[in-house]
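The values are calculated or read from the model by the stated rules, or taken from the named source; none is laboratory data. What you see is a predicted model; the values in this text were computed from it and never measured. Every residue, glycine as well, gets a Cβ built from its backbone with ideal geometry; the counts of neighbours run over all protein chains shown.
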Amino acid sequence: MVRPPRGAQTATILFSLFYRKNPTAMRRHLLAAALLACAGFASSGALAQKQEAPIIIKFSHVVTPDTPKGQAALRFKALAEQMSNGRVKVEVYPNSQLYRDREELEALQLGAVQMLAPSLAKFSPLGVKEFEAFDLPYIFPSKQALYAVTEGRIGRGLLRKLEAKGITGLAYWDNGFKIMSANKPLLTPADFRGLRMRIQSSRVLDEQMRVLGAQPLALAFSETAPALRDGVVQGTENTPSNMFTQRMHETQKHLTVSNHGYLGYAVIVNKKFWDGLPAGTRRILERAMAEATAYEKTIAQRTNDAALESIRRAGTTTIHTLSPQQQAEWRKAMAPVYARMEERIGKDVVGAIRREVAKP
Ligand code: LMR
């Protein structure tokens with residue numbers, strides 16, 4: 001038999017002598033001990049529950065899961081959940097399942113969702129018009145030139161402008177250069193005359209269509225494929241991945257690989273939510289975002305090339321490429337957009353981007 005140590009034996013004897021003389025004290029002490037035990041149990045239970053309840057990030061977006069943005073959102077989810085050992089749970093809602101373009105920005109500001117990646121063309125309703133610089137026709141001569149802007153001082157400066165709107169900008173995600181589509185071949189600027197063209201809600205894109213002689217109509221992304229199908233608009237511009245995943249090629253007979261403009265995203269979070277996270281968790285999420293962003297960069301062009309190839313194979317759409325002379329005509333026709341929109345976007349931003357992309 002294992003004997004208790006001598007000191008413990010002595011204490012037990014002394015306690016039992018004391019309680020035999022004071023039975024009321026014994027009852028009181030037992031009750032207090034029971035209450036203390038219960039409180040301890042309850043608070044450790046609450047603590048455990050608090051520790052176990054994951055932090056939920058609702059990430060809403062408007063495209064399908066197999067687009068560059070859709071895939072990167074899922075990669076971020078996987079990384080964030082794994083790196084945080086399940087302390088963070090990311091719920092991705094694709095395809096405008098929760099909100100459409102403008103609504104999702106309001107939902108983010110209200111805290112109904114925590115994370116979005118709207119296209120850079122959609123920030124002006126927030127009062128941050130500078131992002132429309134990304135919509136200027138032919139502003140980026142290459143992806144390298146684009147990255148020099150998004151990954152450098154200009155890109156960081158633009159994201160900081162969101163802070164005043166209760167939004168923290170985390171990263172830029174790439175999609176690609178846009179192509180034009182319609183139910184007739186679009187080879188010269190004159191071909192646009194009178195066509196109703198769907199655009200994203202950007203004044204620069206509105207002006208771009210107007211200088212071509214088209215009638216722009218801003219529609220939410222989720223409304224675009226139905227509008228093309230029902231003839232509400234006759235044409236549009238987008239990246240091949242967005243066109244293919246929305247099956248726009250099934251109703252658009254002609255497509256021109258014009259690469260006349262750029263479509264990319266800013267990944268943003270509700271600032272109050274982000275600032276309220278434990279610092280360690282925020283650092284983990286920043287790392288997960290950095291990795292997801294690097295991944296996104298590797299898949300954007302590839303996904304768009306594959307989408308264009310899928311459209312070609314579907315055989316429903318004639319794909320046109322522009323001759324050097326036609327390209328020059330398109331550039332010339334769209335050039336007035338700069339002078340008309342510079343004031344609105346901010347001459348300093350447009351100038352800074354133009355200087356950056358001109359660097360060898
Ligand atoms: C569009 O509305 O055409 C795009 O911004 C959709 C997207 O998020 O890529």
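Points worth noting:
- From Arg210, Arg198, Arg203, residue being closer than 25 Å to Glu130 by Cβ and free of Cβ contacts under 8 Å to residues at least 12 places away in the same chain: Arg210
- Every pair of residues 6+ apart whose Cβ atoms lie under 6 Å, when the first sits in the stretch 326-341 and is among the basic types (Lys, Arg) while the second is modelled with pLDDT of 95 or more: Arg331/Tyr138; Arg340/Glu207
- Residue in the stretch 271-278 that is buried (at least 18 other Cβ atoms within 10 Å of the Cβ) and basic (Lys, Arg) present: yes
- Restricted to the stretch 165-206, and to residues there that are in a strand (DSSP E or B) and of a type in the set (S, T, N, Q), the residue that is farthest from the ligand (Cβ to nearest atom) is Thr168.
- Residue in the stretch 132-154 that is surrounded by fewer than 18 Cβ atoms within 10 Å (Cβ to Cβ), polar (S, T, N, Q) and under 16 Å from the mean Cα position of the chain (by Cα) present: no
For every residue, the table says whether it meets (1) modelled with pLDDT under 95; (2) assigned to a helix (DSSP H, G or I); (3) within 15 Å of the ligand (Cβ to nearest atom).
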{"position": "Ala112", "(1), (2), (3)": "no, no, no"}
{"position": "Phe131", "(1), (2), (3)": "no, yes, yes"}
{"position": "Phe134", "(1), (2), (3)": "no, yes, yes"}
{"position": "Leu146", "(1), (2), (3)": "no, yes, no"}
{"position": "Gly157", "(1), (2), (3)": "no, yes, no"}
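- Among the residues listed as Ala117, Ala80, Ala164, Ala121, the single one being modelled with pLDDT of 95 or more, of a type in the set (A, V, I, L, M) and surrounded by fewer than 23 Cβ atoms within 10 Å (Cβ to Cβ): Ala164
- Residues of the stretch 235-270 that are assigned to a strand (DSSP E or B) and surrounded by fewer than 18 Cβ atoms within 10 Å (Cβ to Cβ): Val257 alone.
- Selection count, the stretch 154-194, where residues are touching a residue at least 40 places away in the same chain (Cβ under 8 Å) and under 25 Å from Ala290 (Cβ atoms): 18
- Summed over the stretch 318-330, residues that are surrounded by 14 or more Cβ atoms within 10 Å (Cβ to Cβ) and either more than 19 Å from Thr188 (Cβ to Cβ) or out of contact with any strand residue (DSSP E or B) (no Cβ under 8 Å at 6 or more places or on another chain) (or both) total 4.
- Odd one out for Glu223, checked against (1) outside any strand (DSSP E or B); (2) touching a residue at least 24 places away in the same chain (Cβ under 8 Å); (3) more than 10 Å from the ligand (Cβ to nearest atom): (3)
- Filter pass, Val232 being within 16 Å of the ligand (Cβ to nearest atom), surrounded by fewer than 20 Cβ atoms within 10 Å (Cβ to Cβ), not aromatic (Phe, Trp, Tyr) and not in a helix (DSSP H, G or I): yes
- Filter result for Gln114 (touching a residue at least 40 places away in the same chain (Cβ under 8 Å) and farther than 25 Å from Arg198 by Cα): yes
- Number of the exception - Glu309 against (1) within 29 Å of the chain's Cα centre (by Cα); (2) in contact (Cβ under 8 Å) with a residue 60 or more places away in the chain: (2)
- Condition check for Thr293: modelled with pLDDT of 95 or more, β-branched (Val, Ile, Thr), more than 18 Å from Gly152 (Cα to Cα) and in contact with a strand residue (DSSP E or B) (Cβ under 7 Å, 6 or more places away or on another chain): no
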